[in-house]
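Below you'll find the structure, written out as structure tokens, and then a few comments.
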Amino acid sequence: MANGEKLMRVWIGGLLMALLLAAPGLAQARSDALSLMAAPKLPVGFTHFPYVNPDAPKGGSVTLSTVGTFDSFNPFIVRGSAASGISQVWDTLMRANADEAEAMYCHLCQSVAVAPDGMSVTFVLRPEARFHDGTPVTAEDVAWTFNTLRKDGRPNYSQYYSGVDHVTVDGERQVTFHFKAANRELPMILGQLAVLPEHWWKGRDFSKPLTDPPLGSGPYKVGAFEFGRHLVLERVADYWAKDLPTAKGLANFGAIRTEYFRDATVALEAFKAGQVDFRTEQSSKDWATAYDFPAVARGLVKKEMLRHRLPTGMQGFAMNTRRPLFKDVRVRHALALVFDFEWENANLFFDAYTRTESYFSNSDLASSGVPQGAELALLEPFRDQLPATLFTEPFKLPVTDGRGNNRAQLTAALALLREAGWHVHDRKLVNAEGQPFQFEILLSQAAFERVALPYVQWLGRLGITARVRTVDPAQYQRQMDNYDYDMTVTVIPESESPGNEQIGFWTCGSAKQVGGDNLMGVCSPVVDALVHKVVAAPDRAALLAATHALDRVLLWGWYMVPQWHLQGVRVAYWNRFGRPAQPVRTGLELNSWWIDPVLSELTEAARRAGK
């Protein structure tokens, strides 16, 4: 569809019948929901999500903590550090069911319809949808938000929305997004759009950090705050959507206070002292050793591992291939061989973790064995651009005895480095010009130094000089946005339905965008082609073949030194909460918890008595 073409699709009398898309591989749709490859699990007219208590009491306050700082209420742009949890101020067109991987249900929208040819999606807004100042949420607000995010928002918005040709306002409550080509995931991506009030933003520069409390339509609004120290989100008493099936039993806390700490140790001590009510624990060492204080023994503090059924993605040391040092795949492979996971897991993590050997770990999306069938057919045209061993050997990471003497791996790494033009001179690894092999590992939290420093020592055995530098979160984010780093620790998250976000993670175009998600600077025609196959997969079988192929090519590209994953969420909390009896697929859905007034009073009295 050419730019500027105005194709108006008007649905008279509301969208009362579900549409089954004619274009192969596009989502099934019904008037209140969208799904990718199967019918939505929840029936038409469902009253609430299955994992919530629809009668959960509202009120009370909860105090959370985070490490870092904030200086802005605008999470949609690169500039500034946005406040934690601020997204709860705005409602989205649709909402996901946390117990379902591939469906979304109307929230701000009353109905949704994808055109039979898959070339557009239309949302009709609920007439009762309101911003906190009482003004209605309109189709103009939707179109303005979309165009503003694509123009001034973070680069990932322009990537996510690249398949949209233009948007038209078809009436006060009806808006249509017109696509460049049929795309099975794009309607759902647009359903995630947080709608902003155009009238409130007039006269404000959207591209700059926002210091005024923003106007939204969501369950919470900004209350008391002090930049860099704390933020209180207050529940909106007359929240317009409180009785909708997509909101019932959620957003139960009367107030959510987030305290900001510059140090993770201080944050933990604040929790122990009862100044913080709930925390997720990222440190396996702290999980094993730091929760032996009296309140745990007395049952006032609960400690749980909440199992989840989600892909865990990839965490690892990420190498910035924009740096000449990391352009050679043999160098990257060598650096991965040096890392001794078994030693770190035993000595630092109390054997809590599983080694990650896929970018789609803990799911059927992960590659295994050697390529066969449909996956092999996808890879075959690129055989001369890929390592021969990719076709003949399963991808395997080295396994050591855990004693810290990984001599075999160091020997193999040195052989690769020699092939790449490096040699040892006076106990230093240098290239043909005598330049030393040295780089910096940039971190945002001091707690991760204990992971990086043993790695530095192992690298030193090969004559490599690696330095660890920890900076504050705001500086770290700036350096990440500008790709100003050699190596860092990062996580590449994945869902059960990979799609358009893969463009931002891996393609050549995204590698050049400031503030983008392609941190390693991956730029390969093979990867670009496979990402397209993932995005355009017509069914689950094709999606699996494409993700297996993409995963395998990324692994053999050695862009990261894979670390580990955990198949659960570690939580600790003061015993003042109620929560639904049914476990949730994501492990944790704190938005469905509530303050139990009786339990809260008993716990607080016991805590004070125990001082």
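Remarks
- Residue among A511, A536, A581 that alone is open to solvent by 10 Å² or more (accessible area, probe 1.4 Å) and under 30 Å from A605 (Cα atoms): A581
- Positions within the range 139-156 being open to solvent by less than 40 Å² (accessible area, probe 1.4 Å), in contact (Cβ under 8 Å) with a residue 60 or more places away in the chain and touching a Phe, Trp or Tyr at 6+ places or on another chain (Cβ under 9 Å), in sequence order: L149, G153
- Residue, nearest to L190 (Cα to Cα), within the range 512-531, restricted to residues that are not in a loop (DSSP other than H, G, I, E, B) and not acidic (D, E): V531
- When I256 is tested against (1) open to solvent by less than 20 Å² (accessible area, probe 1.4 Å); (2) not in a strand (DSSP E or B), exactly one condition is not met: (2).
- Considering the conditions (1) within 22 Å of the chain's Cα centre (by Cα); (2) under 20 Å from L244 (Cα atoms); (3) touching a residue at least 60 places away in the same chain (Cβ under 8 Å), N97 is excluded by exactly one of them, (3).
- Filter pass, K202 being without any contact (Cβ under 8 Å) to a residue 12 or more places away in the chain and either basic (K, R) or in contact with a Pro (Cβ under 8 Å, 6 or more places away or on another chain) (or both): yes
- Positions within the range 68-79 being within 28 Å of S283 (Cα to Cα), within 19 Å of the chain's Cα centre (by Cα) and surrounded by fewer than 21 Cβ atoms within 10 Å (Cβ to Cβ), in sequence order: G68
- Options D401, D292, D364, D384: the member that is open to solvent by 50 Å² or more (accessible area, probe 1.4 Å), over 30 Å from D481 (Cα atoms), under 27 Å from the mean Cα position of the chain (by Cα) and not basic (K, R): D364
- Some residue of the range 488-497 being among the charged types (D, E, K, R), at pLDDT below 95, buried (at least 21 other Cβ atoms within 10 Å of the Cβ) and at negative phi: yes
- Residue within the range 575-582 that is closer than 30 Å to T289 by Cα, touching a strand residue (DSSP E or B) at 6+ places or on another chain (Cβ under 6 Å) and not basic (K, R) present: yes
- Residue list for the range 548-567, restricted to those being open to solvent by 10 Å² or more (accessible area, probe 1.4 Å) and not in a helix (DSSP H, G or I): W558, Y559, W564, H565, L566, Q567
- Qualifying positions in the range 406-425 - surrounded by 13 or more Cβ atoms within 10 Å (Cβ to Cβ) and modelled with pLDDT under 95: N406
- Some residue of the range 73-93 being part of a strand (DSSP E or B), modelled with pLDDT of 90 or more and not charged (D, E, K, R): yes
- Enumeration of residues in the range 327-350 that are of a type in the set (A, V, I, L, M, F, W, C) and under 17 Å from V553 (Cβ atoms): V329, A336
- Pairs with Cβ under 7 Å, 6+ apart, first in the range 509-527 and under 15 Å from V491 (Cα atoms) and among the aliphatic types (A, V, I, L, M), second open to solvent by less than 10 Å² (accessible area, probe 1.4 Å) and assigned to a loop (DSSP other than H, G, I, E, B): M520/N320
- Filtered by the rule that a residue be within 25 Å of Q513 (Cβ to Cβ) and open to solvent by less than 40 Å² (accessible area, probe 1.4 Å), the range 458-472 gives a lone residue, V471.
- Matching residues, the range 113-123, being crowded, with 21+ Cβ neighbours inside 10 Å and either in a loop (DSSP other than H, G, I, E, B) or among the hydroxyl-bearing types (S, T, Y) (or both): A115, G118, S120, T122
- Filtering the range 176-208 to residues that are open to solvent by less than 10 Å² (accessible area, probe 1.4 Å), over 14 Å from W144 (Cα atoms) and within 19 Å of the chain's Cα centre (by Cα) leaves L186, G191.
- Helices (runs of 4 or more DSSP H) within the range 463-511 that include 1 or more residues closer than 18 Å to L325 by Cβ: 473-481, 508-511
- For the range 296-343, the tally of residues that are open to solvent by 60 Å² or more (accessible area, probe 1.4 Å) and assigned to a strand (DSSP E or B) stands at 4.
- For the range 426-457, the set of residues classified as open to solvent by less than 50 Å² (accessible area, probe 1.4 Å) and assigned to a helix (DSSP H, G or I) consists of V451, A452, P454, Y455, V456, listed by residue number.
- The sole residue among K533, K512 that is under 29 Å from S207 (Cα atoms) and among the basic types (K, R) is K512.
- Per-region count, the range 209-247, residues among the hydrophobic types (A, V, I, L, M, F, W, C) and crowded, with 22+ Cβ neighbours inside 10 Å: 5
The values are calculated or read from the model by the stated rules, or taken from the named source; none is laboratory data. Everything numeric here is computed off the predicted structure, so don't read it as measured data. Here Cβ is always computed from backbone atoms with ideal geometry, including for glycine, and neighbour counts include all displayed protein chains. Just the protein is used for accessible areas: all its heavy atoms, side chains included, with ligands, DNA and RNA removed. Shrake-Rupley method; radii C 1.70, N 1.55, O 1.52, S 1.80 Å.
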